[in-house]
Structures are given as structure tokens and as C-alpha cells.
Amino acid sequence: MAQYSRLEVAAVMKETGMVPLFFHSDVNIGKKVLKACYDGGARLMEFTARGDFAFEIFGELVKYAQSDLPGMIMGVGSVTDAAAASLYMQLGANFVVTPVFREDIAKVCNRRKVLWSPGCGSLTEIAQAEEMGCEIVKLFPGATYGPGFVKAIKGPQPWTSIMPTGGVSTDADNLKAWFDAGVTCVGMGSKLISKEVIANEDYAGLQDEVRKTLGLIKKIRA
């Protein structure tokens with residue numbers, strides 16, 4: 001079961017400004033990536049459940065986080081139906097991220113007071129998600145829409161909290177454009193946790209990059 005309510009998770013997303021995304025079929029590599037992000041200051045991790053037996057890996061990572069990384073909030077991404085969402089919540093998912101807006105997922109998450117962040121691509125979808133209790137909307141794919149879309153949405157709906165995923169990098173100009181447009185936080189995958197990091201086992205470098213990126217976000221916001 002989730003250790004954190006949806007309001008607690010939303011607060012950490014807003015506070016830190018970044019949600020790292022990651023998947024690997026090797027649970028030991030997953031633990032090293034998770035620890036590097038944690039030591040770098042990240043307090044959220046979205047495990048993108050895209051591979052076979054992903055739920056087994058996720059369950060082990062949740063246990064590791066609970067025992068060794070106090071305050072690390074584990075969530076799951078790439079969830080496409082309510083059954084999968086329910087399974088991951090039973091394994092300890094504290095938030096559920098989806099590529100599309102689905103009411104069935106909204107209902108099972110709301111029933112457990114677990115934050116869910118659906119992928120939306122229009123003002124209508126965003127409004128529908130918020131009507132279903134969404135705290136933070138995922139803008140996906142972020143690169144397709146860009147910061148200009150966020151700024152336009154925030155005009156008529158200044159209360160909307162947006163997390164772009166895809167098209168977000170550790171580059172200062174990229175981050176500044178997104179946060180200046182009004183995003184609440186950003187989801188960052190391969191631009192942060194690259195294939196090179198995994199291949200070279202450069203977990204110290206990943207830790208430094210996470211710390212640097214979080215510091216940059218804090219500076220931009222200030």
C-alpha cells in the first residue's frame with residue numbers, strides 16, 4: 001500500500017520540481033540508479049513499467065527504498081489500465097503516471113487517495129482530468145507541445161499544475177523555458193539517466209547531475 005497520500009506526493013513534486021523516470025530489467029542496476037538519485041537529492045522516482053515482469057522489479061525497488069532510502073517516494077509510470085494500477089498500488093506505488101487520460105485509472109487511484117497524473121494534450125483533456133480529481137497533469141509528449149503551450153493553458157486556468165515529460169533536459173535554457181512558462185515540476189528520463197550512465201556504471205556522475213539539476217531548478221524558481 002502507498003505510504004504517502006496524493007496531497008503529500010503533490011507537495012514533494014512541487015517542492016523539488018523534478019521527477020526522474022527510469023526502467024531497467026536488472027533490479028540491482030535499478031537499486032544503484034535509485035540510490036544515486038536519492039543521494040543527489042531526488043525524493044521521487046517514477047519506475048516506467050515497460051518490460052516483462054516489471055511488477056516484480058518494482059516490488060523489490062519499493063522494499064529497498066523503504067528499508068534503505070527514507071523519504072524516497074516510489075511511483076510507477078506507463079500504466080495503461082485500472083488493473084495494472086491496482087497491482088502496482090498493492091506493491092507500494094505512491095503515485096501512478098499514465099500516457100493517456102483514463103477514467104478507470106482515476107477511479108481506482110482516487111479510491112485509495114493515491115496521486116495519479118494522466119498524460120493530456122488539450123485543454124479539454126486537462127479540464128476533464130481535473131474534474132476527476134487530478135492534482136498534477138502530465139503534459140505528454142512535452143516536446144510536441146513545448147513551453148508555449150503551458151503558458152497558454154495557464155492563462156485561462158492559472159490553477160492548473162503541469163508536469164511535462166519528454167522534451168525536458170538538464171540544459172539550463174530548457175529548464176528555464178519550462179519553469180518560466182509555469183510548470184509545477186518536470187519529468188526527466190534519458191536526458192538525466194542516460195544509456196551511457198548505465199553502460200559505464202557512472203553512478204557518482206548521475207548523483208552529481210541530479211544534484212546539479214535540482215539546484216538549477218531551485219535557482220530558476222528563485
**Q.** Calculated FRET value between residue 63 and residue 14, using beta carbons and R₀ = 30 Å, to 0.05
**A.** 0.65
Q.
Please list, by residue number, every one of the trypsin sites (Lys or Arg not before Pro) in the stretch 44-127 that is coil in DSSP and has at most 11 other beta-carbon atoms within 10 Å.
A. 50
Q. Between residue 143 and residue 173, what length comes free when the chain is fully extended (0.36 nm per residue of separation minus the Cα-Cα distance, one decimal in nm)?
A. 9.4 nm
(Q) Nothing charged except the Cβ atoms of Lys and Arg (+1) and of Asp and Glu (-1): what's the magnitude of the dipole of the chain about its Cα centre? Round to the nearest 20 debye. (A) 520
**Q.** Whole-Hz couplings from phi, Karplus 6.51/-1.76/1.60, listed for the stretch 189-201; x for Gly and Pro
**A.** x, 5, 6, 10, 9, 7, 4, 5, 4, 5, 4, 8, 6
Q) Where the centroid of each part is defined by its Cα atoms, how far is the stretch 15-36 from the stretch 52-79 in Å? A) 9
Q. In the set [x] 19.5, 62; [y] 16.1, 46; [z] 19.6, 69, which value of Rg and Dmax of the Cα atoms in Å was calculated from the structure you see?
A. [y]
Q: Fewest Cβ neighbours within 10 Å first, please rank 169, 161, 67, 25 accordingly.
A: 67, 25, 169, 161
**Q.** Neighbour cut-off at most 15 other Cβ (10 Å), DSSP loop, chymotrypsin sites (Phe, Trp or Tyr not before Pro), the stretch 1-85
**A.** 53
(Q) Cross-link candidates for residue 218: which lysines have Cα within less than 24 Å, leaving aside residues fewer than 8 places away along the same chain? (A) 14, 35, 138, 151, 154, 176, 191
Q. What percent does the relative contact order of the stretch 82-126 come to when contacts are Cα pairs within less than 8 Å and at least six residues apart?
A. 41
Q) Check residue 97: other-chain or 5+ apart residues with amide H under 5 Å from its amide H, H built from backbone geometry? A) 76, 77, 78, 79, 117
Q.
Check which residues have an amide H placed less than 5 Å from residue 44's amide H, if you skip close sequence neighbours.
A. 73
Q: Determine the percent antiparallel among the DSSP beta bridges restricted to the chain, to the nearest 5.
A: 0
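FYI, it's all coordinate maths here, none of it is from the lab. Predicted model only: the values in this text are computed from it and were never measured. Note that we place each Cβ from the backbone using ideal geometry, even for glycine, and neighbour counts take in every protein chain shown.
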